[in-house]
Amino acid sequence: MDRTERFYKIELLLKSRGCVSFATLQAELDVSPATLKRDLQYLRERMSAPIAYDAFANGYRFEAEPAGLPGARAQERHELPGLWFSENEIHALLTMHQLLAGLDDDGVLARHLQPLMEKLQGMLGADEHDARELMRRVKVIGTARRRVPSRHFELLGGALLQRRRVWMRYFKRSDRSTSEREVSPQRLVNYRNTWYLDAWCHASDGLRRFALDAIRDARVLDTKARNVAVRDLEAALDAGYGIYGGGKVKVNWATLVFEADAAQWVANEEWHAQQKSRWLPDGRYELQVPYSDPTELAMDILRHGDSVRVTGDKALAALIRKRLQDAVAAYG
């Protein structure tokens with residue numbers, strides 16, 4: 001039985017029996033007296049468990065009412081967690097927290113998760129230093145991140161959990177217009193260092209994806225949000241390439257052929273979850289990806305320069321050609 005299992009069993013024994021002697025605890029846990037003493041001390045000092053020794057009953061029990069706290073509040077505040085993790089699981093969670101911090105503007109998520117992180121670090125006991133060292137040695141470097149005002153992120157996250165509609169004033173970059181919308185939030189998505197809201201737009205009567213950094217103002221409404229099944233969200237918004245897959249629109253397939261040098265890198269990249277690929281006999285690499293709007297796909301193609309060729313899609317090839325011609329004309 002590992003330490004976290006012992007903690008959980010101590011809690012169950014004290015809750016179910018009220019007062020338990022040291023000898024009984026030792027027998028139930030099958031540990032040495034020194035180990036049991038360390039466990040009880042750890043639970044008191046690191047987990048804030050109100051475990052006290054009752055000299056009259058010659059046993060340990062949970063204090064009913066710590067000084068200055070009503071009994072009900074004390075029980076709610078000091079009750080041990082109902083969920084325990086192994087040390088490997090705790091390390092994984094702490095690492096995940098560090099990775100998440102790389103996506104976290106203004107520390108919004110970290111602020112809410114910090115109490116949990118501190119408790120997880122406390123559960124590591126002697127390995128707490130190792131956990132902190134691990135977090136320092138995991139680093140996420142974001143590029144071209146579009147920052148989101150924390151007030152909007154928290155407001156939308158709250159509305160999402162409470163299943164409430166949101167009114168917002170939204171800036172549409174394509175035509176530089178601003179409109180007012182009422183939406184039912186369905187999902188928050190982080191894509192390429194940018195946060196998006198997937199929502200049912202009641203003005204257009206359909207699913208839409210909104211960039212959080214383009215929201216100019218927002219407030220939560222009392223109206224209950226419309227619920228959309230996750231599978232319907234994925235079918236409507238995740239079918240096309242990248243973030244431009246929204247709406248019930250036609251999905252096209254682009255066929256890209258990469259030269260052998262570029263192929264060594266592209267073969268290890270995921271451009272889309274439904275992509276298809278194959279190696280050609282001459283060492284080149286063929287990649288097929290679905291897309292509904294060519295905007296983002298064109299940018300990814302252009303970053304490979306003359307190492308990639310678009311085949312079988314005249315419209316996409318013409319767009320790439322025009323972008324290249326415009327760049328040459330602009331920079332001479």
Please return the ranges of helices (runs of 4 or more DSSP H) entirely within the stretch 1-46 where 1 or more residues are exposed (fewer than 14 other Cβ atoms within 10 Å of the Cβ), of a type outside the set (A, V, I, L, M) and at pLDDT 90 or above. 33-45
For the stretch 224-243, what are the residues that are surrounded by 19 or more Cβ atoms within 10 Å (Cβ to Cβ), at pLDDT 80 or above and more than 17 Å from Leu161 (Cβ to Cβ)? Ala236, Leu237
Which number in (1) at pLDDT 80 or above; (2) surrounded by fewer than 16 Cβ atoms within 10 Å (Cβ to Cβ); (3) outside any helix (DSSP H, G or I); (4) aliphatic (A, V, I, L, M) marks the one condition that Ala67 misses? (1)
Selection from the stretch 301-332 of residues loosely packed, with under 11 Cβ neighbours inside 10 Å and not aliphatic (A, V, I, L, M) yields Arg303, Gly305, Asp306, Lys314, Gln325, Asp326, Tyr331, Gly332
Mind listing just one residue for me: the one in the stretch 265-292 that is of a type in the set (A, V, I, L, M, F, W, C) and in contact (Cβ under 8 Å) with a residue 24 or more places away in the chain and, of those, farthest from Val251 (Cα to Cα)? Val266
When residues of the stretch 180-203 are limited to those that are hydroxyl-bearing (Ser, Thr, Tyr) and modelled with pLDDT under 95, the one surrounded by the fewest Cβ atoms within 10 Å (Cβ to Cβ): Tyr191
Could you say whether any residue in the stretch 257-264 is buried (at least 16 other Cβ atoms within 10 Å of the Cβ), in the same structural domain as Lys172 (by TED's automatic domain parsing) and not in a helix (DSSP H, G or I)? no
Among residues of the stretch 293-313, those that are part of a helix (DSSP H, G or I), within 26 Å of Asp238 (Cβ to Cβ) and without any contact (Cβ under 8 Å) to a residue 12 or more places away in the chain, counted: 1
Cβ pairs under 9 Å, 6+ apart or interchain, first in the stretch 222-245 and farther than 23 Å from Glu296 by Cβ, second small (Gly, Ala, Ser) and modelled with pLDDT under 90, ordered by first then second residue, are Val228/Ala236
Somewhere in the stretch 174-192, is a residue in the same structural domain as Arg231 (by TED's automatic domain parsing), over 21 Å from Asp232 (Cα atoms) and under 18 Å from the mean Cα position of the chain (by Cα)? yes
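The values are calculated or read from the model by the stated rules, or taken from the named source; none is laboratory data. Bear in mind that the values here come from a model prediction, so they are computed numbers and not experimental data. We place every Cβ from the backbone using ideal geometry, glycine too, and count neighbours over all the protein chains shown.
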